[in-house]
Structure formats: structure tokens, C-alpha cells
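Working notes, beginning with the structure itself.
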Amino acid sequence: MLRAVMTAIGGAIVGMLIYTALRPDTPAGAGAGRGCAEAARPCPTAQAGGRSVPGVPVDARAFVDTIGVNTHLWYGDTPYGDYAMVKRRLLELGIRHVRDALAPAGTKTFFDRVTDLGAAGIKSTLIACRVEAPRVPWTTYLQEAKTKVRSSLAALEGVNEPDLVAAGHPDWPRRARNCQSDIYRQSRDRANGGPLRTPVLGPTLQGGNTQVGDISDRADGAAIHPYPGGAPPDGPDHLSLSAHVAEVRRYQFGGARVPVFATETGYHDALNTTSAHPPVSQRVAAIYIPRLFLEYRRAGVRRTFLYELVDERPDPMLRDVEANFGLFEHDWSPKPSAIGLKNMIGLLDSPRRAPSRPLRYALANTADPDGAGPRGAVKDLLLRKADGSYWLALWQDSKIWDEKARREIANPATPVGVRLGRRMSLTSYRPTQGTTGSDRGTRQSFTANVGDDVLLIRMTDPRASS
């Protein structure tokens, strides 16, 4: 079951500004006699330490493969009943991974849809254990997984949020462990076509990971649901992403560094809700969601599934949290977050993996992560595509939403000095605004005005055709 209402933590401030991405470096001595933050001149970052350091890029195609979205292919009374549109929108976005649950009714339609998505290059992570009524054994779906959708599987997952869904069952921790054992054992046995080669993930808990205990003998990786709840993707006002990762590894895997998957996370825009899970505006979600996928990749999360593809039902009063998580409206019209995510994927995706070749670069910025304002440190991620281009992603770890007032507040841009190991041809992009490049030039050092939204700087060898 994927409809449990999540308790969220956090809140924050702001909105969006549009900035010129690149300009020549600030002249030497500018702002002399003042601190670098006040003078708007480069300050050494923790990442660079003020020195050029080897930058080993993340493979751009591999990064896109970390991006997934939740679907409900067997919710026939919702927009998911229009499978042709589900598939169309997934292909338009460029997403190659979905997370769903093996349908309890075991209908041929569901299996056909999962298989068809797999044939189109969209693999499925499927929940394979289901909470049942009291005194009824919890059901596993390994026979169906092995015989009907084997070729389309990316992973299997344990029971979804049993501490919420089965809160009235006093023995839910034991049942969750037993169900996890059944999934793992059956996935590895020789029945129904032989062992699966896909990983088996543990159960996801919302109230902490202590209740189920160590499952390292019955799972290959962990699953978490780190909803930011209106705060930045890895902001200071809620349990940090790194804390989520450390906690699930500690309590479910004895501290082992197993792969961790965020099988649900995201933002809703039910601005008039009275729920404890704070909303954000659609504009804020469009800024936060690209940052979320970059942040989670930086933290080492193996794959992240946004909740969810489309609003499940109309909600003109914007009060129903569960009806407003979609990238698309109930009528399948795209929200700004769908457009921004599509643009980022389109810019960064690559037809094949890129050879890893470091690019030396250093950053210096004026951000004040310990100050009283909403701006945080500037963060970065270097990627490389198969065509040889490097892509430097930069963004402020800023709050762009006031949870109590439920309004956006704009932050000033942070001038970030960038120095490369060699001269490169540069083009800047802002996915929330489109895919047209700007601020072209050939430089070894420059200043980027980094705002709340993601800035992508494409860097190529000037001797090669671009």
C-alpha cells in the first residue's frame, strides 16, 4: 500500500530568482579590506579548500539511472487507468525506473503493463509483501515476480510502511521480518524459473528503523522514505538524508555499508491542507526536485523514487495531501516540476556510459551556511557524458519556502568563483527555465551567480567541435 499519509518534519523559506549564470572573474583586490562574504568575492569552499583538486566526474547516464518515480499501475479508478498516457509521460520525462507494488489481484493487465514498460527500457522495483487483515497471513508475490515480470524487474522490496499500515497489529515487527525472510528465500530458490538476480530490499518504516531489527541475513539493501516535508531536500530543519542512511544501516544491517534506496520521497502542493505534512507551492517543488535528485546522488543513495507520477484524483480545494504529490495534474497536464525534471534529464542523459577522466576544478563562494539567513552553502556535482562534455551542477542549499506563512521568499544569488585546470568552452543552463544555453565563452576561470535553482555549466575542450 502506497497511500499512507507520511508524517513530515521541517519547514523553510523562499522562492526563485533568475540570474545571469556566468560573468568574468571579480578583479583582484575587489572588496579589499572586507570579509569575502561581505565583499562578494570568492571564499574557499570546504570541497576545494581553496586549492585545485582532482574532480572525478559522475557518469551522467548512471546519474539519470538513479532517477525514478512511483506509479500505481493497478489503480484503475485513477489516471493510472490510462496506461497509454502513463507510458507516454514516462518516456517524455526520460525516466527509466518506476516503483510500484505487485497487484494483490494478480491481474493479467498489471503484469502486461510491467512487461511492456520493461520492453520500453523502464524497469520496475516492486513491493513483494503486503499487510493483510488481522489473523490473516501476510502475502508474498514471488511466484508472480519470477514467472510473469522477471525480465522487467530492477529490484524487489519488503513490506511498505508496516508501522503505519499495520499499526493496530501488535506483532507487526515479527510479521514484517517473516515476510522479508519469505521474499529473500523464495527469490534465491530454484523454483519458478530459478533464482532472481535482482536485489531484495528491506521494509520501509516511517517511525524509525529500530523495531524490525537486523535483517542483514534476508536483504541485499535498505529502503528509506526521507520525505523533506516542505524543507530543502537535505536541509537542516529535518532529519538529514545522511542521518536517514546511517540509521537504516545501523539498525537493520549492523552498520554495514549496504546500498540504500529512497523508494519514496517528494513534495505535495495541497496548499490548504491541515495535515502535519507541510505543502510547498508548485514553483518551489520545481526548484527542489532537481536539487533532490542531485543531493541524494551526492549522499550515495543508489536510486531515488519520487512520489509520484500523477495526482490520483482532482482536488480543487487543495486540501488532500494524497491527491497532490504528482508531477502531473489529474488531467495529465504537466506541473512545473515535471518540466524542470524533464529538462534536467534531457540535458544530462547520454546514450552510453562515459569514460572516467578527471577534470581539475576549484570553487570559492560567498555563501554563509552558518548565518541567520535562508541561504546555505553552495553545493556541486561534476558529471560527464559520453560525448566527452563535462557538466558542473551548482546550487544553493537554500530554503525557499516559509512553512508557517506558506509563501515563497526570494534569496540573493551567491557569486561563486570557479577555476578549471584548463581553458574550456562554457555554456550555462537552468533546467527550471528551459534547455536553451546562455553565457557562452571560453575561459579557465569565471564567476557563476548561483541561485536557489540548479545551474548546469557545460564544459568542453575548445579544440573539439561542440
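Below are the figures for this structure:
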quantity	calculated
Residues of the range 309-343 satisfying the condition of being over 13 Å from residue 93 (Cα atoms) and either within 13 Å of the chain's Cα centre (by Cα) or of a type in the set (Lys, Arg) (or both)	313, 319
Candidate set from the range 128-153 (those that are within 27 Å of the chain's Cα centre (by Cα) and farther than 19 Å from residue 197 by Cβ); member that is surrounded by the fewest Cβ atoms within 10 Å (Cβ to Cβ)	130
Those residues of the range 64-99 which are more than 18 Å from residue 149 (Cα to Cα), in a loop (DSSP other than H, G, I, E, B) and free of Cβ contacts under 8 Å to residues at least 40 places away in the same chain, in sequence order	76, 77
Test for residue 103: is it surrounded by fewer than 16 Cβ atoms within 10 Å (Cβ to Cβ) and over 25 Å from residue 333 (Cα atoms)	no
When residues of the range 327-346 are limited to those that are in a helix (DSSP H, G or I) and out of contact with any Leu (no Cβ under 6 Å at 6 or more places or on another chain), the one nearest to residue 436 (Cα to Cα)	343
Count - residues of the range 407-438 that are charged (D, E, K, R) and surrounded by fewer than 16 Cβ atoms within 10 Å (Cβ to Cβ)	3
Positions within the range 310-323 being out of contact with any helix residue (DSSP H, G or I) (no Cβ under 7 Å at 6 or more places or on another chain) and farther than 13 Å from residue 79 by Cα, in sequence order	316, 317, 318, 319, 320, 321, 322
Hey, residue 246 surrounded by fewer than 23 Cβ atoms within 10 Å (Cβ to Cβ), of a type in the set (A, V, I, L, M) and over 20 Å from residue 326 (Cβ atoms) or not	yes
Set 216, 187, 181: member being in contact with a strand residue (DSSP E or B) (Cβ under 6 Å, 6 or more places away or on another chain) and polar (S, T, N, Q)	187
Residue 218 vs. criteria in a helix (DSSP H, G or I), among the basic types (Lys, Arg), modelled with pLDDT of 95 or more and assigned by TED's automatic domain parsing to the domain that holds residue 301	no
Residue within the range 313-325 that is in contact (Cβ under 8 Å) with a residue 12 or more places away in the chain, in a helix (DSSP H, G or I) and of a type in the set (S, T, N, Q) present	no
Output for the range 157-177, where each listed residue is closer than 26 Å to residue 193 by Cβ and in contact with a helix residue (DSSP H, G or I) (Cβ under 6 Å, 6 or more places away or on another chain)	158, 159
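The values are calculated or read from the model by the stated rules, or taken from the named source; none is laboratory data. Here the structure is a predicted model, which means the values were calculated and not measured. In this analysis, Cβ positions are derived from the backbone assuming ideal geometry, glycine residues included, and neighbour counts consider all displayed protein chains.
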